[in-house]
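Trainee: Please find one structure pasted underneath; my questions will follow.
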Amino acid sequence: MSPRRLLLTWGLLLGVLAIEVGASFLPIGRPARPLLLLPALLMVGMVAAIFMQIGRGPTVVRLFAAAGLLWLLILLALGSLDPLTRIVYPVPAMERATPAANPP
Amino acid sequence: MSDAALPHAFQYESARHQARTAIAGMWLFLASEVLFFGVLFLSWIVCRHWNQAGFDAGARQTALAIGTLNTVILITSSAFYTAGVAFIEASNTRRLIQCCALAWVLGLAFLILKFGIEWHEDLARHLFPGPRFAITGELRTGAQLFFVFYFVATALHGLHLLAGLGLVGWIIRRAGRGEFSAQYSTPVAVVGLYWSFVDMVWIVLFPLIYLIGRGP
Amino acid sequence: MNLWLTAATHNATQVDYLIFALVLISCAVLALVFGLMLLYMFKYRAGSDIDRGTLPRKTWRLEAAWTAATLVAFFGLFVWGAKLYLLLFQPPADALQIHVIGKQFMWKAEHDGGQREINAIHLPVGLDVQLVMTSEDVIHDFSVPAFRIKHDVLPGRYEALWFRVDIPGTYHLFCTQFCGVDHANMVGEIVAMPKADYQKWLARSDAGETLAAAGKTLFMRYGCSGCHGGDGAGANQSQSTVRAPSLAGLYGSPVTLADGRVVKADDRYLRDCILTPARQRVASYLPVMPSFAGEISEEELLKIIAYLKSLSQQEPS
Amino acid sequence: MSAAAGAAALSGESYLTDGFSLRSWLLTTDHKRIAILYLASITVFFFIGAAGAALVRYNLIVPEGLIKSAETYNRLFTMHGVVMVWFFLVPAVPVTLGNFIVPLMLGARDLAFPKLNLVSWYLFMLGGAIVLYSLFTGGVDTGWTFYTPLTTQYSKGHVVATVIGIFIAGFSSIATGLNFIVSIHRLRAPGMTWFRMPVFLWSLYATSVILVLATPVLAMTLVLLAFERIFHIGVFDPTLGGDPLLFQHLFWFYSHPAVYIMILPGFGIVSEIVPAFSRKPLFGYTFVVWASIGIAVISFLVWGHHMFVAGTSLFSALVFSILSYMVAVPSAIKVFNWIGTLHKGFIRFDAPMLYALGFIGLFTMGGLTGLFVAALAADVHLTQTYFVVAHFHYVMVGGMVSAFFAGLHYWWPKITGRHYPEMWGRAGALIIFIGFHLTFFPQFILGYLGMPRRYHSYAPEFQVLNVLSSAGTTILAAGYLLPLGYLTWSLLRGERAAPNPWDATGLEWQTPSPPPTENFVATPVVTEEPYAYPRPKPQATS
């Protein structure tokens, strides 16, 4: 790896970090704020590609990395499927669960 | 490279075969680690979904300056280590040791900032969940959940970093004995993968902890 | 041995049809699998000199055919099961509501008129009934096999189930989510009665529970049952490693204390035992009982003692 | 067999004679010796778990329970579950037969990371020791599923210690899986292309994918559980805004695929044995291979079917129900292909084949009853009852343990260099098959009648079936003790085995029995498809 390429990557990473931190001060609404993860994902990609040289090892390296990502996606997607679609009727005061309150 | 002549374990055909297998093995281990941390990410999604306001209120209590500085430190540390790998591939052991030492010191700096200063302040401000938790009222529940996530995630990341410090130290010691060269640098590369992975995890944790909750 | 389970609701009959269909399909597949296996085992045993001809050529058609057939059958079963499942969660608007609370280790029910019962629920037949359920501690599960229904009861939120009973009778109620030591005793009965009888039952039952019933609740809630047993039955049948004396039949009887004194177990003695157990230690038991002073209000003490009294009346000894 | 290997066989040198000191066993990195270490450990855990099961069945002979204390009963079934799942079923085939056979089948001299392999055994033993310590000094009464908030806030007992033990054993699983995957990718003999690999290798590959990618999820979930147990605050506690169902999601994300960790190696074993004893190639090899890989992936998409009555959203219940049917398809493909293999074969009925045929029967019943609990409305009635208990025992005990015995008998001559006594082997297979049905079939009916699982006492009308089931347990126990006896006997007195006693294909049979330390004297070269059994002449086989 040439020193220039390494230095450039390092600079870019810090640049993206600066943008990310800067963007967090913008008045982004609560539902949209997880978008702040996007720069982080970009940085992760850069670390994998350049620092970890994912392109250089045997092919199976890419396969393993892809498997890790795919299964993470399965976990996050199917794992949040139920919580995000569940309707909950909370009991007003947990400590005194009297049947006085009237749910649905 | 004249591989066949280099020493290698008996189950491999050649040193190159062994080296590339070791690298593949580390990548698979990292894939496994992704799922390990994945549970924390899912907990973050679910807990924030049920208690958004409180969860974000908790996040606003974190020390953004230290967090950002720590991110810079880890990225730099990872960059130094990568430079070290490049140096040893040119058989420059002296530079490898220098780079690794810098990476090691930066890693230590991260730990000191995180646990010596940031955690210390968090605990002093009663941000550890429990009866004496600082945030009261409606937002308490969500904020406590945030700090459960915060303490578990940072502790586990810290443990990984600590293990990484041990590994980098081991590389420095072996390099000091002159064990590595352009022909044989597999352990350097394998530890490098782990070191950068620890960096990666932090890069994802950083917005989850410090940035997303800081909304209007 | 009864191998048949009453299907007491319309829904239960529907679920039975589904289960019987699944049994039929399973039997057919089993007959095919075992039949072919046994046939081939006999026909193509190594010793048999039957002409085996040439091996059939590899064919993906056969594989694709049975894959597709299984998929279609499975999709049908999915739709059938899902339709019945969704019905469980679409209660009619005018259903009669009964509130149910699960707690370690009992079911409490409260009717709209304020009638309360423990480990039993009285219901009218022919009317839609909706149960609104929550838990006070861990996750329980409300299950009535005769109705083919079951749902977890979670702390902090309401879950609902509905059904319409067709056949009057008394049916088992089980907790089917493991909830702790006395899980197996968290059972009760569902009494389905004709509408007129149900009205009579409502009128007969006091709104609000008796002191003794309330005391039983407290006996459970304060963990007394953990050592003294679910019915105050004592250490022998108790489900705990801690040995504690039996409380059944205790009230009114003489008690030998560790220091040799013999006292009569009256209201006052029981009260002191609960508040300052160390001073009234019973012979041959370890002084492990904690003091409940400051934790139990006087009103609650009254109820617990009333409950202990009721234990003696049930079992005259 | 090469001339050199023959010489080694004649001289009697093997991995067993390569050092006799305790040190040469405890510090070995030889995959074959590690397999033996594991085999011994696993046997101990199996009989501890089985003792728990026997006591549970003993208790249930009378409605009020023969064991006086419900707490003791609860601890017993928790112990049975924890030991059997994490210290027998999950590791059993991969760490014993897998460790021994995978490098041999690949034509490799060892696994890719032999030291890691040894470390994994020590982690396993450490985890096991902690769990046994906590179980024998009081135990836990939460059930092996550790549902919150019961486990975190209410239960007494050594929850944290048990959880730490399982956590450590988890890393042993990850190490084993990682070793297999990397070895299969990197250490195949010349000519061993992916589609010349025997199905056993494919199955263990699929198993390892699950081990490596599901176990870390369990590990982190247990960390969160322990945190919550210690500090009384955490993401699973509903009184504090957490979600107890999140725990169930995470737990089953591991534990459902874990069922396939248990059964996939069984598929692999049976796919070796059925062709070998039918003298025929495996029918539909490619389909069986892709079915294995399909199962490894789809098994991660179905965990929600454990939670149809738990209070999840209706939408997710529907999604998980239909996905659950999907995972049954590849399993069905396999059963049909095994039967297809029997067709027009020359079938011999040695003990491994009897166990394998028993496996097909038991697994089919286990699989079919899985359809009941995947159908939403039927699941509502049957889940959490003895129906479910019977269903997963048919798959995990009837299926997996039968397959394990099938493989153990099949490779026993290779592992030990001795034959087991054939008649005893056949008798064992038959007794286990009968005892198993007698024990678990009544439980299907009990479940339909509504008897809940994990009950210390039960309504009197369930007694007859419970007594039947408990009676079956005694037969089953005899069936399991029998192999322990005659296999141990054969170690000393068994007939010496030839390198290839079954006349089977596969590289493991091309080296002496028992194999030399470096497995092969000359690296084998693969030139044909797997299971290339020549057609015997019918009249010659009488």
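Read-outs: derived from the displayed coordinates by stated rules, not from any lab. A quick note: this is a predicted structure, and the numbers were derived from the prediction, not measured. Backbone-built Cβ (ideal geometry, glycine too); neighbour counts: all protein chains shown.
Trainee: Can you give the Rg to Rh ratio of the range B:147-204, both from alpha-carbon atoms, with Rh computed by the Kirkwood formula?
Mentor: Looking at the range B:147-204, the ratio lands at 1.13.
Trainee: Quick one: among C:G126, C:G102, C:G260, which has the greatest mean-square fluctuation in a GNM of chain C with alpha-carbon springs under 10 angstrom?
Mentor: Result: C:G260 has the largest fluctuation of those listed.
Trainee: To continue, here is another question. What number, rounded to the nearest 500 deg cm²/dmol, is the helix-based mean residue ellipticity at 222 nm of chain D, given -39500 (n - 2.57) per DSSP H run of at least four residues and division by all its residues?
Mentor: For chain D, the value works out to -21500 deg cm²/dmol.
Trainee: Now for a separate question. Report the percentage of all Cα-Cα pairs in the protein assembly as shown whose separation exceeds 50 Å, rounded to a whole percent.
Mentor: Tail fraction, whole percent: 32.
Trainee: Give me the three principal axis extents of chain D from the C-alpha atoms, as integers in angstrom, largest value leading.
Mentor: 72, 48, 45
Trainee: What is the Cα coordinate range of the range D:328-439 on the first, second and third principal axes, sorted by size from largest, in whole angstrom?
Mentor: Principal-axis extents of the range D:328-439 (Cα, largest first): 52, 31, 22 Å.
Trainee: Top mean-square fluctuation among C:M41, C:M289, C:M220, Gaussian network model of chain C, C-alpha springs under 10 Å?
Mentor: Checking each option, the largest mean-square fluctuation is seen for C:M41.
Trainee: A further question on this structure: If you take the Cα Rg of the range B:14-81 and divide it by 2.2 N^0.38 Å, with N the number of residues, what do you get?
Mentor: 1.69
Trainee: Further question on the same structure: With 10 angstrom as the radius, rank C:I19, D:I273, A:I50 by how many other C-beta atoms surround their C-beta, starting from the fewest.
Mentor: The most exposed by this proxy come first: C:I19, A:I50, D:I273.
Trainee: Continuing with the same structure: Using only Cα atoms and rounding to the nearest 10 degrees, what angle (0 to 90) does helix D:199-231 make with the longest principal axis of chain D?
Mentor: Taking the Cα atoms of chain D, the angle to D:199-231 is about 30 degrees.
Trainee: Send over the per residue convex hull volume for the range D:198-308, Cα only, as a whole number of Å³.
Mentor: 96
Trainee: Oh, and also: So what is the calculated 222 nm ellipticity per residue for chain B, using -39500 (n - 2.57) for each DSSP H run with n of 4 or more, over all residues, to the nearest 500 deg cm²/dmol?
Mentor: -24500 deg cm²/dmol
Trainee: Here's something else I'd like to know. Could you give the distance between the Cα centres of the range D:29-58 and the range B:2-55, to the whole Å?
Mentor: 30
Trainee: List every DSSP H helix in chain B whose Cα atoms extend 15 Å or more along the helix's own long axis and whose mean Kyte-Doolittle hydropathy is at least 0.5.
Mentor: Those that pass (Cα extent of 15 Å or more, hydropathy at least 0.5) are B:15-50, B:64-89, B:93-111, B:140-176, B:186-206.
Trainee: What Rg and what Dmax come out for chain C when only alpha-carbon atoms are used, in angstroms?
Mentor: 28.4, 96
Trainee: With contacts defined as alpha carbon pairs under 8 Å and 6 or more residues apart, what's the relative contact order of chain B in percent?
Mentor: Value for chain B: 33 percent.
Trainee: Neighbour counts of other C-beta atoms within 10 Å: give me C:R204, D:R196, C:R279 arranged from fewest to most.
Mentor: If I rank by nearby Cβ atoms, fewest first, I get C:R204, C:R279, D:R196.
Trainee: Further question on the same structure: Restricting to Cα atoms and excluding each atom paired with itself, what does the Kirkwood estimate give for the range C:111-207 in Å?
Mentor: 14.1
Trainee: Pop out the ³J(HN,Hα) list for the range A:10-16 in order, Karplus 6.51 cos²θ - 1.76 cosθ + 1.60 with θ = phi - 60°, rounded to Hz; leave Gly and Pro as x.
Mentor: Karplus-based 3J(HN,Hα) across the range A:10-16 equals 4, x, 4, 4, 5, x, 4 Hz.
Trainee: Turning to a different aspect of this structure: Using a Gaussian network model of chain B whose springs link C-alpha atoms within less than 10 Å, name the residue from B:A59, B:A31, B:A155 with the highest mean-square fluctuation.
Mentor: Evaluated over chain B, the most mobile residue of the options is B:A31.
Trainee: Let me ask something additional. Hey, what number do you get for chain C at 222 nm if only DSSP H runs of n ≥ 4 count, each worth -39500 (n - 2.57), divided across all residues, to the nearest 500?
Mentor: -12000 deg cm²/dmol
Trainee: Right, another one. So what is the relative contact order for chain C, in percent, with contacts set as C-alpha pairs under 8 Å and at least six apart?
Mentor: Contact order relative to length: 14 percent.
Trainee: Let me ask another. In Å, what Rg and Dmax follow from the Cα atoms of the range A:1-53?
Mentor: 13.2, 42
Trainee: Just want the ordering: C:T13, D:T145, from fewest to most Cβ atoms lying within 10 Å of their own Cβ.
Mentor: If I rank by nearby Cβ atoms, fewest first, I get C:T13, D:T145.
Trainee: With N set to the residue count of the range D:411-541, report its C-alpha Rg divided by 2.2 N^0.38 Å to two decimal places.
Mentor: In units of the globular-protein estimate, the range D:411-541 measures up at 1.59.
Trainee: Could you give me the percent of Cα pairs per 10 Å distance bin for the range D:88-160, shortest bin first, beginning at zero and ending with the bin that holds the maximum distance?
Mentor: Result, from short to long distances: 16, 33, 25, 17, 8, 0 percent.
Trainee: From the square roots a ≥ b ≥ c of the eigenvalues of the alpha-carbon gyration tensor of the range B:10-211, which class results: rounded (a/c under 1.5), prolate (a/b over b/c), or oblate?
Mentor: prolate
Trainee: With θ taken as phi - 60° and the coefficients 6.51, -1.76 and 1.60, list the Karplus ³J(HN,Hα) couplings across the range C:174-191 in order, rounded to whole Hz; mark glycine and proline as x.
Mentor: Once θ is set to phi - 60°, the couplings for the range C:174-191 become 10, 8, 10, 10, 3, 10, x, 3, 9, 3, 5, 9, 8, 10, x, 9, 9, 9 Hz.
Trainee: Okay, moving on. Below 8 Å between Cα atoms, with a sequence gap of 6+, how large is the relative contact order for chain D in percent?
Mentor: So the answer I get is 19 percent.
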